[in-house]
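Below you'll find the structure, written out as C-alpha cells, and then a few comments.
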Amino acid sequence: MLPFLSRCRGTSQLSRLSVSVTVSVMSARCLATVSATLPIEKPRTNPVGIQQLSNGLQSQLFPPPTRLSKKQQQLQNSISLYDAKLINLSHMHLQQHELLGKKCSTNTPINFPVPSLQGKNLSEHFYRVGAHSIQPYMPLIENLLAVGQTIKPTMPAKWEFKSGWTRYEVGKSPKSVPYPLEDELVFDVETMYHLTQYPCLATCYTPKAWYSWCSPYLTGESKTQDGHLIPLGVRDHNKIVVGHNVSYDRARGWKSIVFYNQRHFIWIRCLYMLLLVGCVQDREVLG
C-alpha cells in the first residue's frame, strides 16, 4: 500500500509541476504575442539619458487630465518655463555624485495592457486600493488611537514569572490566558538570539490590559529552548498587531503565518524608514 501511495504522491506532484510549467509557458507566449502585435517603438529617455516607460505604459499609468484646472494650468506653464533650470540642476547633482555622462543601459520598450487605474492618477489609485484593503481593520485602529482619551491601563508594578500569557487588568489579579483577549495589540518579542531563534519573552499592550509571555524553558517546565511559539489568537477573527520589527516578531507567533488572512500587522519600523531613510539631504532636512 505504501509504495502505491508514494507513486500517487509523486504523480500528483509531477502533474502540478507540469501544470505550473504549462501556465508559465502560456503566459510568456501571451506576453510575447501582445508585444509582437504592437508597433516597434524606440526607447524613450529623459534629458539626462535615463530610459523612461514606453508610450503605451506611460499613457495608461499617467493619463492626461481631461480638463486642467486653472491652478494645474499655471503649474504646467511654470514647469515648462523652468525646464532648462531643472535640467541644469539635475546635471549639477549628477556631477556631484560622479554620474554625469555615464552611459545608462537601455532595453526594448515593454508595452502591454494594465488594469484600469482606480482613480484619476496613481496617487488616487494607491490611496483607494489601500483604503479598501484596510477598511475591515479601521474600527480596531481607531480603538488603538483612542487609548489615553479614556481609562489608560497602567503597567503592572510586578510581572508574574509564569510560562505562557498572563493578563494584567486594572483592579483585578493577574490571570493566565491562552492568548491576548483583545483584538488590538501592541506587541514586542525578545529572543536570546545567540542561543536560539525561538522567543523567550514577550509583552503586549491593549486598550484594556497589559500582557506578558514567558517561555516554558525559562520557568524550567521544558528542557529545550526550541519549539515554543507565542499564540496570538489570530485564527478565529481579525486582529491588528502593531510592532517595531514585525517581519522578525511575527515569525515567533504561533499560527500568525498560516492564518495570514485573518490578522493585519502594522510595521512601525517600516513607517520610520519611509520618513527618515533617504538621501543625505533628506536626512538633514527631516532630522
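Rule-based calculations on the coordinates, nothing more; no lab input. Values in this document were obtained by computation on a predicted structure and should not be read as measured data. All Cβ positions, even for glycine, are placed from backbone atoms using ideal geometry, and neighbour counts span all protein chains on display.
Hey, got a sec? Which chymotrypsin sites (Phe, Trp or Tyr not before Pro) in segment 87-188 land in a DSSP loop and have at most 16 other Cβ atoms within 10 Å? Loop-located and lightly packed - W159, F161.
Shown in residue order for segment 123-133 are the 3J(HN,Hα) couplings computed by the Karplus curve 6.51 cos²θ - 1.76 cosθ + 1.60 at θ = phi - 60°: 4, 5, 4, 5, 5, 5, 4, x, 5, 5, 5 Hz (x for Gly and Pro).
The distance between label points at H97 and Q118 comes to 3.2 nm (points 7 Å beyond Cα on the Cα→Cβ vector). Divided by 2.2 N^0.38 Å, where N counts the residues, the Cα radius of gyration of segment 93-228 comes to 1.74. A Förster radius of 25 Å, combined with the Cβ-Cβ distance separating Q52 from I134, puts the computed FRET efficiency at roughly 0.20. The alpha-carbon of K239 sits under 26 angstrom from the alpha-carbons of these lysines, leaving out residues fewer than 8 places away in its chain: K152, K162, K172, K175, K208, K255. The length gained by stretching the chain between I141 and E221 to full extension, at 0.36 nm per residue less their Cα-Cα distance, is 25.1 nm.
Please arrange H194, H97 by counting, for each residue, the other beta carbons lying within 10 Å of its beta carbon, fewest first. Show your work: numbers first, answer last.
On the way: H194 5, H97 8.
Exposure proxy ranking, most exposed first: H194, H97.
On full extension, the segment bounded by S59 and T45 gains 3.5 nm, given 0.36 nm per residue less the C-alpha separation. By the rule of a C-alpha distance below 21 Å, with chain neighbours fewer than 8 residues away ignored, the lysines paired with K70 are K120.
Working from label points 7 Å from Cα in the Cα-to-Cβ sense, the S90 to T154 distance is 6.1 nm.
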